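Asks: Let me begin by handing over the structure; questions about it come next.
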């Protein structure tokens, strides 16, 4: 039997990570500043693989956020990295 984090749906994990990211105003602003995705873009395109991959890439770029998000979502940081890879494929 595989570990639970290997069975995670990449899109679902990315949506959870997006919600987690937007839960902190400073982090949300950094996401907007870094990705160029404005709140309206995020609302309209939240289901797109490219947007979700960008959110996960944003978390990967700052290890403290990656680790904190993974801990709060109860997955290993590697699961977030693998989800981004899957969304970019």
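The values are calculated or read from the model by the stated rules, or taken from the named source; none is laboratory data. Worth saying up front: this structure is predicted, and the values here are computed from it rather than measured. Every residue, glycine among them, receives a Cβ derived from its backbone with ideal geometry; neighbour counts consider all protein chains shown.
Asks: Considering only region 17-45, state which residues are under 11 Å from the mean Cα position of the chain (by Cα), farther than 13 Å from residue 80 by Cβ and touching a residue at least 12 places away in the same chain (Cβ under 8 Å).
Replies: 22, 31
Asks: Here is a further query. Which members of region 62-79 meet the condition of being more than 18 Å from residue 23 (Cα to Cα) and free of Cβ contacts under 8 Å to residues at least 40 places away in the same chain?
Replies: Answer for region 62-79, where residues must be more than 18 Å from residue 23 (Cα to Cα) and free of Cβ contacts under 8 Å to residues at least 40 places away in the same chain: just 77.
Asks: Something else: Residues that are at pLDDT 95 or above, surrounded by 11 or more Cβ atoms within 10 Å (Cβ to Cβ) and touching a strand residue (DSSP E or B) at 6+ places or on another chain (Cβ under 7 Å), at least 2 per element: which helices (runs of 4 or more DSSP H) completely within the chain meet that?
Replies: Working: elements: 10-22, 25-35, 39-45, 49-60, 63-73, 77-88.
So the answer is none; nothing clears 2.
Asks: Do you know which residues across region 52-73 are over 9 Å from the mean Cα position of the chain (by Cα) and closer than 18 Å to residue 32 by Cβ?
Replies: Once the filter is applied, which keeps residues that are over 9 Å from the mean Cα position of the chain (by Cα) and closer than 18 Å to residue 32 by Cβ, region 52-73 yields 61, 62, 65.
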